[in-house]
Structure formats: structure tokens, C-alpha cells
Amino acid sequence: MRDEPGLFHALSDTVSRATDLIQLEVRVFKAELDEKLSHVKAGLSLIVSGAIFIAGALFLLLQAAVLVLVEAGLSPALATLLVAGAAIVIGLAFMLTGRKQMSGGALAPERTIHDLQRDTRLVKEKLS
């Protein structure tokens, strides 16, 4: 019977430490998530700012391409359709590439996941 209080104390201490560890990991997870979110916000604002300037320049370049095709003998309507079609294809390629780079896997909190897996192993070792 004497071993039971010691065993109970050891088990209680292990559970208490595991709880503290989990709380710490949750705080680390939140901090890492905030850090990743800040990077996403900064990246998106730069992308939007750059896109505004590029859109103006792109419009002028597309207009010049239409004029070159008209000067080469195409009708204005056909030249406009050709340039617009090419612009749509290029735009879709950029959008698909950007969406791929912003996939969920790229934004996963990897350090926290690794730490949680390590801590889970340690707690299991202590309890067994």
C-alpha cells in the first residue's frame, strides 16, 4: 500500500507536466500561426500593389500588339480577339501557378507539428 501514494504522485506529476506541455505547445502554435499569417498578409499586399501597376502597363502593351497586328493587315476585330485570347491563356497560367503556391501544405505550421509529435512520444514513454 505504501507504493500507491508514490505511484499516484508520479502519475499526477506526469499528467500535470503533460498538461503544461500541451498548453505551451498551443501557445507556440498560435504564435507560429500568427507569424505565417503576417507573411501571407504582407505577400498579398505586395502582390496586389504590383498587379495594379502591371495591369496598366499590360493594357498599353496589349493595345500596342493589336495596333501591330492591324498594321500587318489583320482587321481590328480579329487582331483584338487574337491578343485577348493570348492574354487570357497567359493570365490563367499565372493564376493556377499562384494558387498552387498558396496551397495549404505550404502554410502548415511545421515546427509546431514536429514539436507536438516529439512531445507525444515523450509523454507516451513516461506513461509506459
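The values are calculated or read from the model by the stated rules, or taken from the named source; none is laboratory data. This one's a predicted model, so the numbers in the text were calculated from it and none came from an experiment. A quick note on method: Cβ atoms are made from the backbone with ideal geometry, for glycine too, and the neighbour counts reach across all protein chains shown.
Does residue 45 satisfy the criteria of being under 30 Å from residue 84 (Cβ atoms), polar (S, T, N, Q) and loosely packed, with under 11 Cβ neighbours inside 10 Å? Yes. For the range 76-90, enumerate the residues that are small (Gly, Ala, Ser) and out of contact with any helix residue (DSSP H, G or I) (no Cβ under 9 Å at 6 or more places or on another chain). Listed by number, the residues that qualify are 77, 85.
If you go through the range 8-37 and keep only what is among the polar types (S, T, N, Q) and surrounded by 12 or more Cβ atoms within 10 Å (Cβ to Cβ), you end up with just 14.
Taken together, 55, 65, 72 contain a single residue that is surrounded by fewer than 11 Cβ atoms within 10 Å (Cβ to Cβ) and within 37 Å of the chain's Cα centre (by Cα), which is 55. Filtering 113, 22 for residues that are in contact with a Leu (Cβ under 9 Å, 6 or more places away or on another chain) and either under 30 Å from residue 127 (Cα atoms) or not aliphatic (A, V, I, L, M) (or both) leaves a single hit, 22. The numbered conditions (1) closer than 30 Å to residue 28 by Cα; (2) surrounded by 11 or more Cβ atoms within 10 Å (Cβ to Cβ) are all true for residue 90 except (1).
So that you can scan it fast, the table gives a plain yes or no per residue for (1) free of Cβ contacts under 8 Å to residues at least 24 places away in the same chain; (2) closer than 25 Å to residue 109 by Cβ:
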site	(1), (2)
10	yes, no
28	no, yes
32	no, yes
35	yes, yes
46	yes, yes
49	yes, no
52	yes, no
62	no, no
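Residues in the range 54-92 that are part of a helix (DSSP H, G or I), at pLDDT 95 or above and of a type outside the set (A, V, I, L, M): 63, 71, 76, 80, 85.
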